[in-house]
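The structure appears right after this line, and notes come after that.
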Amino acid sequence: LLLSLNIPCWAAICLAHFVMQNLYVKHYQTTKKLQYISMFDALTGAHSRNITKDLLKPDSTEFKEKYRQPLCVAMFDIDLFKQVNDQYGHAKGDIVLKDFARIVLDSKTDTDVFIRWGGEEFILLMPNTELGAAVATVESIRRKVQHFDQGVCPITVSAGIAKYDGKDYKLVIDSADKALYTAKNSGRNQVVAFQM
């Protein structure tokens, strides 16, 4: 009698364990997927802006030590991207964005952080990189973009670069943005380093 009662109990325990394990696995997978979605841009594979909080010291606007000096920040903008969308459509514009991102992702080092900042603007954080080396890296990316045939239309990219001074991270991004606007206002398809 005890044996016959134990069998259903063990079966129920095993079934409950199996169900709980499956629920845990699904919860874990869903959590990881949501973390990925919150940290990466689905279209380009670049990080989303949400990654910024992981790069900063707790309760601070300064980069963590491993992202500090020498650190350079490049801001990219695909030249005349609105015309690409207007002339070829948003689906083709997405191809242009993905191909540009692939060029940068293939060109960056393991310690660099590539972020889609918004629309067709991207940021590349280059830790342990002096300004001259950063300019050379970004210039190489600019040339690759100019000569890459993605089957939609020829594109170029402008970029501004600034060196982090160890203070508020927003200041170096603003400086890179100013250099980017100088590049765009000087004819586009060029790299400009921020000058104080």
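The values are calculated or read from the model by the stated rules, or taken from the named source; none is laboratory data. The model shown is predicted, which means the values in this text are computed figures rather than measured ones. Note that we place each Cβ from the backbone using ideal geometry, even for glycine, and neighbour counts take in every protein chain shown. All accessible areas refer to the heavy atoms of the entire protein, side chains included, with ligands and DNA or RNA removed. Shrake-Rupley method; radii C 1.70, N 1.55, O 1.52, S 1.80 Å.
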Hits in segment 155-168 (condition: of a type outside the set (Val, Ile, Thr), outside any loop (DSSP other than H, G, I, E, B) and buried (at least 23 other Cβ atoms within 10 Å of the Cβ)) | Ser158, Ala159, Gly160, Ala162
Hits in segment 143-154 - residues which are modelled with pLDDT of 95 or more and open to solvent by less than 30 Å² (accessible area, probe 1.4 Å) | Val145
Of the conditions (1) without any contact (Cβ under 8 Å) to a residue 40 or more places away in the chain; (2) touching a Cys at 6+ places or on another chain (Cβ under 9 Å), Lys178 clears all except one; give me its number.
-> (2)
How many residues, within segment 160-185, are modelled with pLDDT under 95 and among the small types (Gly, Ala, Ser)?
-> 1
